[in-house]
Amino acid sequence: MDFSSASSNTSLPLIPATPQEATEVIRNIQHQISRVFIGQEKVVEQILCALLAGGHVLLEGVPGLGKTLLAKSLAQACHCHSSRIQFTPDLMPADVTGHMFYDMKASEFVIRRGPVFTNLMLADEINRAPAKTQAALLEVMQEGQVTIEGETSLLSPPFLVIATQNPIEQDGTYPLPEAQLDRFLLHVIFDYPTEEEERELVSASTYGRTGDRLEVDKIEPVANPEIIVALQKITAEIRVDDSVLDYALRIVRTTRNWPGISTGAGPRGGIALIRTAKASALLAGRDFVTPDDVKQQVGPTLRHRITLSPEAEIEGLSEEHILHGLLEKIEAPRR
């Protein structure tokens, strides 16, 4: 487990009070992350959307793409505490949440807090842990609190979980059930970098450096937990026109009877779509949501909330392909 926090000596901006001020803070965070994390701009934007919307991210990608570096970079830029857990088949719920032990010196039982007591937690290869351990983390994600031996402790906001899973290896894994997948605000696909990005990445990672230690010292903290909470409040107040809201709901409801989908998204899918569309609007510097904000969040918010029919799987269709076809048939509001 790895805990880190940014230096407290850096001068931080005032707490944002308007969408314009919030957008400036977010862009500063993006800039700081880009100083050590090369490329993958869409992935960074999705992680920031989850942070602004107060949700959690399931990040899917092969090993070696920089998932841990991204999490550490975000924590450093936001001046937040971070932790990392490597999920394994023998990981127990207490290893995640903490446990109670008897302190011989104090002659009393004391709670030892687990790595969930942080602001940003990377749950690496979450599908390698058994269902009981997965459930312990997901309960914390949903409730924002931990109960140990009957004593409940609230987590300090903000609290963001970035859980990763490998799309290739299936041996020795425990796939997340649909009901637990639904707890993640976003399911983000972490793909290979472009040739230009990979060249820059390899060059920057090998010049004047030895070993594989992740270095985020170049990143200057440009926010703190209090500022992040203020950003989340501003995001929640972004305006959504009734026509845009109806558009999002039509998309979600259409997944329930669309060819190629056996199980459509539930009401939580619509909530996630609007929440992340608001975050997307703020990232773009607007105080209102457009149909395009909704469109670009359909994949990340719904791909893990639908189940393909056997016929679609036989044809080799993906959730992305099905959702793209659905979007083409639903008319977006023009104003």
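The values are calculated or read from the model by the stated rules, or taken from the named source; none is laboratory data. This is a predicted model, so every value here is computed, not measured. Cβ coordinates were reconstructed from backbone atoms using ideal geometry, including for glycine residues, and neighbour counts include every protein chain displayed.
Among the residues of region 107-116, are any in a strand (DSSP E or B) and touching a Lys or Arg at 6+ places or on another chain (Cβ under 6 Å)?
Of the residues in region 107-116, the ones in a strand (DSSP E or B) are 108-113.
When the remaining residues are screened for being touching a Lys or Arg at 6+ places or on another chain (Cβ under 6 Å), the result is none.
No: zero hits.
Give Pro310, Pro300, Pro333 a once-over and let me know the one that is touching a residue at least 40 places away in the same chain (Cβ under 8 Å) and buried (at least 19 other Cβ atoms within 10 Å of the Cβ). Even if it seems obvious, please write down each step before you answer.
Numbers: Pro310 fails: buried (at least 19 other Cβ atoms within 10 Å of the Cβ); Pro333 fails: buried (at least 19 other Cβ atoms within 10 Å of the Cβ).
Exactly one of Pro310, Pro300, Pro333 is touching a residue at least 40 places away in the same chain (Cβ under 8 Å) and buried (at least 19 other Cβ atoms within 10 Å of the Cβ), namely Pro300.
Could you check region 123-164 and list, in sequence order, the residues that are closer than 18 Å to Ala75 by Cα and either in contact with a Leu (Cβ under 9 Å, 6 or more places away or on another chain) or basic (Lys, Arg) (or both)?
If the condition is that a residue be closer than 18 Å to Ala75 by Cα and either in contact with a Leu (Cβ under 9 Å, 6 or more places away or on another chain) or basic (Lys, Arg) (or both), then Ala123, Pro158, Phe159, Leu160, Val161, Ile162, Ala163, Thr164 are the ones that fit.
Go through (1) closer than 21 Å to Pro177 by Cα; (2) surrounded by fewer than 14 Cβ atoms within 10 Å (Cβ to Cβ) and name the single condition Leu273 misses.
Every listed condition holds for Leu273 apart from (2).
Need at least 1 residues that are of a type outside the set (Gly, Ala, Ser) and modelled with pLDDT under 85 per element, so show me which helices (runs of 4 or more DSSP H) inside region 159-247 make the cut, counting only ones lying wholly within it. Outline the logic, then answer.
Details: elements: 178-181, 195-206, 225-236.
Helices (runs of 4 or more DSSP H) meeting the threshold: 178-181, 195-206.
Of the residues Leu138, Leu122, only one is crowded, with 16+ Cβ neighbours inside 10 Å, part of a strand (DSSP E or B) and not acidic (Asp, Glu); which?
Leu122
Exactly one condition in (1) loosely packed, with under 14 Cβ neighbours inside 10 Å; (2) closer than 17 Å to Leu69 by Cβ; (3) free of Cβ contacts under 8 Å to residues at least 12 places away in the same chain is not met by Ser205; state its number.
For Ser205, the exception is condition (1).
Identify the residue in region 1-31 that is crowded, with 22+ Cβ neighbours inside 10 Å and within 26 Å of Gly64 (Cα to Cα) and, among all such residues, is modelled with the lowest pLDDT.
Ala6
Starting from residues that are free of Cβ contacts under 8 Å to residues at least 60 places away in the same chain and touching a strand residue (DSSP E or B) at 6+ places or on another chain (Cβ under 6 Å), keep the ones in region 226-273 and report whichever is nearest to Glu315 (Cα to Cα).
Ser262
Could you check His79 against (1) under 28 Å from Arg305 (Cβ atoms); (2) assigned to a loop (DSSP other than H, G, I, E, B) and say which number it fails?
Every condition holds for His79 apart from (1).
Out of the residues in region 240-261 that are small (Gly, Ala, Ser) and buried (at least 17 other Cβ atoms within 10 Å of the Cβ), which is nearest to Asp182 (Cα to Cα)?
Ala248
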